[in-house]
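Heads up: the structure comes next, in structure tokens.
We did not get these values from a lab; they are worked out from the coordinates using the rules stated. This structure is a prediction, so every number in the text was calculated from the model and none was measured. In this analysis, Cβ positions are derived from the backbone assuming ideal geometry, glycine residues included, and neighbour counts consider all displayed protein chains.
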């Protein structure tokens, strides 16, 4: 397994230029942003000397290349700077907001995979049946649905008309569990706080279903395509010729093989999932990274925007690395 | 020599003509999808080109009726929070949606494809750097990128189109570059070189016709995605500024309207987005199937 | 001859594509006794594999058995339900595939293949199934430790041995071997043939042996049915067929294969190509390629007739 370690290290090194590139891109782009952040904080009518003072304090008076180098040096030390809006360290803020996004994306991914993989496999197995046509239609319609619209419609139906579920936030006020990991469901379980558990699960349902459904379309399509490919293989015919029941042929022999590309796909869809999370969090006032990102854009809090962007880039790189390792692990044909 | 000459003179073109012929009598699921998608799209094109013929009211006129009136005989889709006619806004919205999404996709095509061509043909350092840049953009969450760029550029039709176009450039770059790498090795380009064809000629006559089928598919699917992205940006308040009728922007108001329980100002703009995206997805997926026999469904 | 192991009567299998109906097997009759090895010989596309798949009722879509009977121990397999067939498959009728590289599931260990097959067909104890798996592979000349391997870790020859182990694991009455040696290199091919011969002797196994290679057939096979374009054109014992091939197609086949049984080294391919099975020529399907074709061959279709112990479908012997 020493070679696996070597592989991981190589892979990590390869992500550095990518992150660096994105970071530089964002840095430059944000510097040309119209609207002076100092004006945004102090108001345009503030006296010029206060503005100068704040500019110096934020390092905005230096030439852009010096700002860039400063930023890189600090970043290497894990320092993302301070927010212009809250004056708190951005790294700290991200750690506060990120667990919410993690909770949302994980549960959405589980929903998407559960819906997508099983129905996709079934769709392929019953190719050209009414069920297959229905599922294919579902996949393409769901893919065409704007996530925020689906969120609004679900809010209307389950929150406003039926009043079954809450439509914003992560838990009822004063019901938040004691913070351990920041994942409310997990924290409630860890502290055996059942009212908080119920509250946080109820709040999680609509956002994660919204995100999960939209994502599931892609999983249905991909699983179906993979399954069709696998079901054509000789070893499937061979399994049938040994009298293996069809249920096992499809859900064990075929699905196991189709899952390998699906894992890779999950990694590729992660970027899409993050984008979807931004919209979902906005609709449901879910205080995660997407919400943070959008709010700080409204406030022109550009160190925070930059910090969030860098964090997104790192996250994507990390996930693709994890997926690659997982791929090695689940595919017996690849050994490093 | 005869054979090779023949190959050089007849690179695989005529794909489009062949396609049109096939679509007159659809046989595969994919062909039905293309036909259905085109039909749906033509409705939207009509709405976008002649909204004033269809829309009963001025889409930006405030206080035409009571606020948030449910659908009735006067306002078929009801009115929004400013008393504007939802139907008229939804019809005019098709224009913005189509305009922004197609210009974004065209823009990325115009930038991405030539870059892919040059990068693939020349190879070397330039290719490596460009590929790295493109891969980085590609890997990054596209909506987040579009949000960041849109935030920098500020609201407006052109700005939104530019913000969206950035996220698709890598797609064209990859498709074209991949095609170039394949074609570069193939016999008929060798032969074209042998008879003295210059690189630009080779690109024009051999690479583009070959890359064309996949580019058509990619283009259609990008437009579909661009419609969604535009709506998303406008929903976040980073897209088309009011009062221009735009579906995403109308839905932004929906956030405030939800609690009042009015479904119609939310439902109708959304369903328009779904249908327009669906039209492009049907065309794109269907074409993919038609052009790639391996994907074909009986 | 009270009860035959396998009797196929007038079987027809067609593939229904959107544009055409491909008559892959078109009115084929065959009889097999227990312990017999029957060779199905012909060029690729002649319908021999489809016939093999038909016996085990695994014709790929859009193919269908259109008419005829397949009597296995007197029971008509065509009428059996899918569940009844599934129970027969692997237990009483099994199959060996052409390419051992693709016929084993790449994400399953060898032992899981064998154990699963045994458990599906009545083994209740996993340990017993594992013991049987060990015994099986050892018998086929493979270290039991290889049971822990994945298919890609084995050589082609070893994989084909595993495929054979899977086919005979439950002592079936009939094994359908679809070109089991074609994908292997020559030396391994010979080893696998030897192995099949051994197993046949030891267990009195019956095989339907599908091959395009008359030389391979000659080594193992008792009777040969030569197929051409969905029909059997000649059906005889191996000895008779090689000693005195009657149908012009069979003669052509024998001439086109370098073969030690032939008296002269006279290698000449059959002119022309297989006709389109969706639109076979009228009359005798071989007539466009036949040196002896007459007007009658172009009009009328010859039936299989007994000519001194050989059944042949050709007007030359009328």
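When the helix-only estimate is applied to chain A (DSSP H runs of n ≥ 4, each -39,500 (n - 2.57), divided by the residue count), what is the mean residue ellipticity at 222 nm, nearest 500 deg cm²/dmol?
Working: 13 runs with 239 residues, N = 336.
After summing the helix terms and dividing by residue count, I get -24000 deg cm²/dmol.
What does the structure give for B:133-139 when I average, per residue, the other chain Cβ atoms found within 10 Å of the residue Cβ?
6
Taking 8 Å as the Cα distance limit and 6 or more residues as the minimum spacing, I'd like the relative contact order of segment A:53-144 as a percentage.
10 percent
In what order do C:73, C:292, C:287, C:113 fall by count of nearby beta-carbon atoms within 10 Å, going from fewest to most?
Placing the least packed residue first, the sequence is C:292, C:73, C:287, C:113.
To the nearest 0.05, what FRET efficiency results for residue A:20 and residue A:268 with a Förster distance of 22 Å applied to their C-beta separation?
Numbers: r = 22 Å, r/R0 = 0.98.
The formula returns an efficiency of 0.55 here.
FRET efficiency for residue C:143 and residue A:181, Cβ-Cβ distance as r, R0 = 51 Å, nearest 0.05?
Working: r = 49 Å, r/R0 = 0.96.
Efficiency, from the Cβ-Cβ distance: 0.55.
Rounded if a/c is under 1.5, else prolate if a/b beats b/c, else oblate: with a ≥ b ≥ c from the C-alpha gyration tensor eigenvalues square-rooted, which is segment B:94-247?
prolate
GNM on chain C, C-alpha springs below 10 Å: top fluctuator among C:59, C:187, C:232?
C:187
Provide a whole-number value for the mean count of partner chain Cβ atoms within 10 Å of the Cβ atoms in peptide C:53-59. Before the final figure, lay out the partial values.
Working: counts 2, 0, 0, 4, 2, 4, 0.
Average per residue, whole number: 2.
For labels at residue C:112 and residue A:72 in the simple 7 Å Cα→Cβ model, what's the distance in nm?
Calculated label separation equals 4.8 nm.
For labels at residue B:259 and residue A:324 in the simple 7 Å Cα→Cβ model, what's the distance in nm?
My value for the distance between the label points is 4.8 nm.
Regarding segment C:1-125, what's the average projected area of the Cα-atom convex hull, expressed in nm²? Write out the running numbers ahead of the final one.
Numbers: hull surface 39.9 nm².
Mean shadow area of the hull around the Cα atoms is 10.0 nm².
Please compute the contact order of chain B in relative form: average sequence separation of alpha-carbon pairs under 8 Å and at least six residues apart, divided by the residue count, as a percent.
Details: 451 pairs, mean separation 84.1, N = 298.
For chain B, the relative contact order is 28 percent.
Sorted from fewest to most neighbouring beta carbons within 10 Å, what does the list A:219, A:311 look like? Mind showing how you got there, number by number?
Numbers: A:219 26, A:311 20.
Exposure proxy ranking, most exposed first: A:311, A:219.
Ignore the peptide's own chain and count Cβ atoms of other chains within 10 Å of each Cβ in A:273-279; give me the average, rounded.
Mean inter-chain Cβ contacts per residue within 10 Å come to 5.
When you count, for each residue, the other Cβ atoms within 10 Å and take the mean per peptide, how do C:139-145, A:182-188 rank with the highest first?
Values: C:139-145: 14.6, A:182-188: 21.4.
Order by mean packing, descending: A:182-188, C:139-145.
Going by how many other beta carbons lie within 10 Å of each one, how would you line up C:290, C:314, fewest first?
Values: C:290 20, C:314 23.
Sorted ascending by nearby Cβ count, the order is C:290, C:314.
Size of segment A:98-300 along its principal axes in angstrom, Cα-based, largest extent first?
62, 36, 36
Express the relative contact order of chain C as a whole percentage, based on alpha carbon pairs under 8 Å and six or more residues apart in sequence.
The normalised contact order for chain C reaches 20 percent.
With a ≥ b ≥ c the root eigenvalues of the C-alpha gyration tensor of chain B, is it rounded (a/c under 1.5), prolate (a/b larger than b/c) or oblate?
Prolate is the answer for chain B, as a/c is 1.5 or above and a/b outweighs b/c.
Per-residue counts of other Cβ atoms within 10 Å, averaged by peptide: what ranking do you get for A:100-113, B:224-237, highest first? Please list the in-between numbers first.
Values: A:100-113: 21.9, B:224-237: 28.1.
Per-residue mean Cβ counts within 10 Å order the peptides as B:224-237, A:100-113.
Under a plain spin-label model, where a point goes 7 Å from the Cα along Cα-to-Cβ, how far apart in nm are residue A:192 and residue B:129?
Here the answer is 6.3 nm between the modelled labels.
First measure r as the distance between the Cβ atoms of residue A:131 and residue A:201, then evaluate 1/(1 + (r/R0)^6) with R0 = 25 Å and state the FRET efficiency to the nearest 0.05. Could you put the intermediate results ahead of the total?
Values: r = 31 Å, r/R0 = 1.24.
Working from the Cβ atoms, E equals 0.20.
For the protein assembly as shown, what does the convex hull of the Cα positions come to per residue, in cubic angstrom?
234 Å³
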